[in-house]
1. Defining a contact as two alpha carbons under 8 Å apart and six or more residues distant in sequence, what relative contact order in percent does the range 5-176 show?
2. With a cut-off of 8 Å between alpha carbons and a minimum separation of six or more residues, what is the relative contact order of the range 398-488 in percent?
3. Could you list ASP95, ASP299, ASP206 so that the one with the fewest beta carbons within 10 Å of its beta carbon is first and the one with the most is last?
Amino acid sequence: MELNLGEIKKDLKSSIKNKKCKIGVAIQFVEKLTEGQKRKNGDPLISHPLMVALKTSQMGLGTNAVCAALLHDVIEDYHDHPEYETYIEKEFGIDVLTMVKALTEINSNPSEKSKKSEIESAQKFLLATVPDLRVIMIKIADKLHNLMTVEGLSPERQKGYTEEVSKIYAPIAQYLGLWNIYLEIRDLILFKTDPKLYEEIKNYIDAESHNLQNKLDLIIEEIKIICELKNLKPKIYGRIKSISSIALKLQKYEEEGKFRKNRNKNRIEAIEDKLAIRIITQNEDECYTIIENLRKFFDEVEGSLDDYIRYPKKNGYRSLQINLIHPTEGIFETQIRTQEMHEYNEFGPASHIAYKLAAKREIDPTDKFDWIKMINVQKIKEKIDKNKPIPVKLFEDQVFILTPQKDVYQLPIGATPIDLAYELHSDIGDHCVGAIVNQKAEPLNYKLKTGDIVKILTSKSKKSVNKEWLKSTITEKARRYIKQASNKA
């Protein structure tokens with residue numbers, strides 16, 4: 001993609017009305033710092049902060065966040081110039097400096113071999129250590145643009161980076177309701193992992209986009225008219241399914257043998273529901289009124305109606321779902337729900353991420369998916385407009401600890417190195433003789449804090465465990481092993 005830096009800067013400075021000056025100063029500062037420098041893929045270095053800032057502005061996060069996005073690499077890349085930190089505070093304020101420093105300190109890099117539980121801990125660690133929601137949203141924009149331009153890295157680093165974004169940042173984008181960014185990331189990951197399939201689907205969508213959009217517009221207009229007949233004015237949204245969504249459909253059709261029945265069709269053409277409609281209503285009664293009327297005007301795919309309002313899924317998901325058939329425009333997927341249901345389904349334990357990770361759609365309630373106490377960005381718009389921090393108050397009863405290898409461990413607040421030692425392995429716990437916390441020796445009764453990097457010291461010669469440790473431990477696992485070892489002694 002050819003970059004037009006002038007247009008990007010113009011869009012950026014006009015994105016927040018009456019705030020051009022502050023953003024313009026940040027652009028000029030970063031331009032001067034990066035003048036003549038290139039990224040590994042050959043793009044001007046300035047292109048990265050500009051693109052991250054543009055995406056931040058599109059999220060509506062306010063002027064301070066846009067400035068922080070522009071300056072997000074300054075402290076890290078120019079650490080030998082401490083005066084830049086002073087300059088940022090003086091020119092842009094403590095709020096911007098705090099965000100830039102937090103962006104510099106974010107660290108997440110799961111191993112390819114990480115288990116799902118470890119990946120989830122890494123996601124939690126990231127959210128628990130970020131003091132301001134705007135910071136994680138800027139970081140996601142940063143990761144998105146880096147993923148777009150990752151071809152400048154070695155194949156090994158490209159694979160590692162794609163893995164990190166896929167496992168950590170894509171799910172968090174989804175949890176936070178950043179759907180456009182989430183879909184962009186998912187499409188990019190498909191492009192990196194299966195470029196041939198990506199190009200096949202993209203070429204089809206590009207060729208058919210005008211036709212598909214016309215189909216959507218017509219369907220939406222007819223649904224509006226059908227709703228107006230009942231004096232209803234719901235919010236109606238339509239979209240062409242993303243490249244990665246169509247890729248999943250292709251896989252499903254292959255598994256079900258559907259392509260054998262449509263040998264004369266292009267295999268993407270053979271996918272019936274490439275269009276999706278979502279209808280958000282005022283209340284439950286309206287959901288049923290709307291679906292009743294839609295079924296009078298459109299045929300339906302047999303057996304496709306699911307009433308998850310009267311009969312919610314076991315994890316709490318509620319919505320009416322049906323595949324309808326337009327007489328000229330084909331099949332379109334339809335979901336009808338209230339705003340409250342929508343927020344729960346998208347942001348709560350029944351979010352789509354749960355479905356994708358679970359073996360079955362009808363999963364039992366579990367804390368695997370309700371740990372993310374969702375933050376609805378729209379409800380905190382007032383704080384965003386005032387350029388104030390948006391606190392992320394998650395996991396207040398937990399601490400997240402890093403090992404020197406950057407593995408993440410989640411422990412209850414008040415846990416000590418002994419608790420961590422037994423969490424690592426019972427043998428490590430039994431032979432624990434000390435702990436190095438953030439490169440400093442600490443006693444075994446030291447209360448661990450989120451973000452601590454902890455190395456457990458052990459003795460090979462004999463077990464160190466003793467009953468006194470029970471006074472300095474709070475996890476059930478540690479206490480159980482200490483009692484067992486003490487009884488044997």
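Where a number appears in this text, it was derived from the coordinates with a stated rule and is not lab data. Just so it is clear, the model here is predicted, and its values are computed rather than measured. When we count neighbours, we look across all protein chains shown, and the Cβ atoms used for this are built from the backbone with ideal geometry, even at glycine.
1. So the answer I get is 22 percent.
2. For the range 398-488, the relative contact order is 33 percent.
3. Ordered from fewest to most neighbouring Cβ atoms within 10 Å, ASP95, ASP299, ASP206 come out as ASP206, ASP299, ASP95.
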